[in-house]
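Have a look at the structure below, then the notes.
The values are calculated or read from the model by the stated rules, or taken from the named source; none is laboratory data. Quick caveat: nothing in here was measured; it's all calculated off a predicted structure. These area figures cover heavy atoms from the full protein model, side chains too; ligands, DNA and RNA do not enter into them. Shrake-Rupley method; radii C 1.70, N 1.55, O 1.52, S 1.80 Å.
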Amino acid sequence: MIKYILKRLAMGVVTMFFLITITFVLTRLMPGSPFETDNISPAMLAALEENYGLDKPIDQQYVIYLKDLLHGNLGVSYKKSGVTVNSLIASGFPVTLKLGLISFGFALIVGILIGIWMSVTK
């Protein structure tokens with residue numbers, strides 16, 4: 001049983017690694033930059049890319065990305081200046097939790113009622 005659990009955990013780690021890698025590659029393959037607008041100077045664009053590490057080679061960006069993920073650091077938001085992604089997620093978590101619990105309760109009640117109805121009507 002322990003061998004099975006360890007095998008499944010290892011498969012989960014490998015799957016997460018591939019998903020993280022695919023996500024990183026796809027976001028880097030998108031055309032443009034998160035900072036490109038009509039009203040920004042090339043010097044300012046270069047400064048922003050340097051600040052966020054987007055001027056480094058892709059392999060260095062990937063290593064930094066993995067290291068930050070392992071430490072739980074999701075980075076700084078591109079849209080809200082100086083706000084970390086972790087704090088954005090934390091600020092939205094109570095609403096998400098409430099919605100999830102309401103959905104779970106609704107599904108539980110409906111599922112039980114349908115189960116009772118199906119068992120009574122055969």
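Looking only at region 45-55, how many residues end up being part of a helix (DSSP H, G or I) and either open to solvent by less than 80 Å² (accessible area, probe 1.4 Å) or under 15 Å from residue 79 (Cα atoms) (or both)? Looking only at that region, the number is 7.
To keep it simple, each residue is scored yes or no on (1) under 22 Å from residue 56 (Cα atoms); (2) open to solvent by 100 Å² or more (accessible area, probe 1.4 Å); (3) at pLDDT 85 or above; (4) part of a helix (DSSP H, G or I).
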residue: 3; (1), (2), (3), (4): no, yes, yes, yes
residue: 8; (1), (2), (3), (4): no, yes, yes, yes
residue: 11; (1), (2), (3), (4): no, no, yes, yes
residue: 15; (1), (2), (3), (4): no, no, yes, yes
residue: 27; (1), (2), (3), (4): yes, no, yes, yes
residue: 34; (1), (2), (3), (4): yes, no, no, no
residue: 38; (1), (2), (3), (4): no, yes, no, no
residue: 43; (1), (2), (3), (4): yes, no, yes, yes
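Residues in region 75-122 that are within 29 Å of residue 37 (Cα to Cα), part of a loop (DSSP other than H, G, I, E, B) and open to solvent by 80 Å² or more (accessible area, probe 1.4 Å): 78, 79, 80, 81.
Does region 56-98 hold any residues that are more than 13 Å from the chain's Cα centre (by Cα) and among the aromatic types (Phe, Trp, Tyr), and which are they? Within region 56-98, 62, 78, 93 meet the criteria.
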